[in-house]
1. Exactly one of these conditions fails for Val4: (1) farther than 21 Å from Asn239 by Cα; (2) surrounded by fewer than 18 Cβ atoms within 10 Å (Cβ to Cβ). Give me its number.
2. Going by the conditions given, is Lys92 in contact with a Ser or Thr (Cβ under 7 Å, 6 or more places away or on another chain), of a type in the set (D, E, K, R), assigned by TED's automatic domain parsing to the domain that holds Asp21 and on the phi < 0 side of the Ramachandran plot?
3. Could you identify the single residue in Arg274, Arg225 that is basic (Lys, Arg), in contact with a Phe, Trp or Tyr (Cβ under 9 Å, 6 or more places away or on another chain) and either within 16 Å of Glu126 (Cβ to Cβ) or modelled with pLDDT of 85 or more (or both)?
4. Would you be able to tell me the number of residues in the stretch 192-208 that are over 13 Å from Thr228 (Cβ atoms) and either assigned to a strand (DSSP E or B) or of a type in the set (A, V, I, L, M, F, W, C) (or both)?
5. Part of a strand (DSSP E or B), within 29 Å of Gln20 (Cβ to Cβ) and under 21 Å from the mean Cα position of the chain (by Cα), is that true of Leu71?
6. For the stretch 42-59, name all the residues that are hydrophobic (A, V, I, L, M, F, W, C) and under 13 Å from Ile207 (Cα atoms).
7. Take Phe66 and tell me if it is surrounded by 12 or more Cβ atoms within 10 Å (Cβ to Cβ) and modelled with pLDDT under 95.
Amino acid sequence: MFLVYNSDVLHEDAFRLSVQDRAFQYGDGLFETIRYETNKLWFWPDHIDRLTTGMAALRIDQPTGFSAEALHQFVNQLLQKNKLVDQSARVKIQVWRQPGGFYTPTLNRANLLITTQPAGDFLITEKTKIGIYDTFRLVESPISRYKTLNSLPYILASIYKTENGFDDCLLLDQAGYVAECVASNVFWLQNDQLYTPSLETGCVNGILRRQVLRLWPETQEVLARSETLHAAQAIFCCNVNGIQWLRQLEGIGHFPNEHPTAERLFWQLLEPLRQQV
């Protein structure tokens, strides 16, 4: 497979990083994962907005010639080079500070890496067993809403999920409020009202989360404990891979087909999302 490193198209075997690289040494950067499907980069403006505002939050300068149009051109070139134009793909854009210094960087210029790989289609699926991971709790900060190169809370939650036979886990914030799933934002329907955790919990401001809030502006962003979700009519999570019903939280079942509003909301969600791309 080929990749784009800064402005160069390279075979992945030819890609090299210095041992002093700050992505390796300090996790000093961030990334975006973008879905390519039906010959489109889904929600491209939102990804670019989150990438550029995240760079500003990390005080990483944009490279010369850095623009949404230039990045789009690089991605299209890479999809063609890797023969992915006619299928679904995952595009990952990583930006990090160039080498120099220790905790105090000597410069703030950015390195850019774009990679692509085949992906399945955006699907509606189910996750049966959902647990609660509270060993490593999230904290809201100026960078918590972005996808930084330090993903340890999610890695540790994923290990816990695997060790305990769960399909996914809910992460909590410092006060014990529900924040998000391992790799997706969570929503629930209660008394025909849609809810999602507030960004105050330290959850990522997910791209699909943005779309749901636009499509259903009456959605309430709240601070809620896991016990609140036990009374929900339905729970689902979403990310660039798709939308997943959460069927069982800590052994308590949720059956959205028994709730007409939940079922209608769920099946109406996919088509409006597709129309937004």
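1. (2)
2. Numbers: in contact with a Ser or Thr (Cβ under 7 Å, 6 or more places away or on another chain): yes; of a type in the set (D, E, K, R): yes; assigned by TED's automatic domain parsing to the domain that holds Asp21: yes; on the phi < 0 side of the Ramachandran plot: yes.
In short, yes.
3. On the way: Arg274 fails: either within 16 Å of Glu126 (Cβ to Cβ) or modelled with pLDDT of 85 or more (or both).
Criteria check complete, one pass: Arg225.
4. Here the count works out to 6.
5. no
6. Filtering the stretch 42-59 for residues hydrophobic (A, V, I, L, M, F, W, C) gives 42-44, 48, 51, 55-58.
If the condition is that a residue be hydrophobic (A, V, I, L, M, F, W, C) and under 13 Å from Ile207 (Cα atoms), then Trp42, Phe43, Trp44, Ile48, Leu51 are the ones that fit.
7. Details: surrounded by 12 or more Cβ atoms within 10 Å (Cβ to Cβ): yes; modelled with pLDDT under 95: yes.
Answer is yes for this residue.
Yes/no matrix, rows are residues, columns are (1) crowded, with 21+ Cβ neighbours inside 10 Å; (2) in the same structural domain as Ile155 (by TED's automatic domain parsing); (3) more than 26 Å from Ile155 (Cα to Cα); (4) not basic (Lys, Arg):
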site	(1), (2), (3), (4)
Gln193	no, yes, yes, yes
Thr196	yes, yes, no, yes
Asn205	no, yes, no, yes
Arg210	no, yes, no, no
Leu215	no, yes, yes, yes
Thr219	no, yes, yes, yes
Val222	no, yes, no, yes
Arg225	no, yes, no, no
Leu229	yes, yes, no, yes
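The values are calculated or read from the model by the stated rules, or taken from the named source; none is laboratory data. Keep in mind it's a predicted model, so treat the numbers as computed, not measured. Quick reminder, even Gly has a Cβ in these numbers, built from the backbone with ideal geometry, and neighbours come from all protein chains shown.
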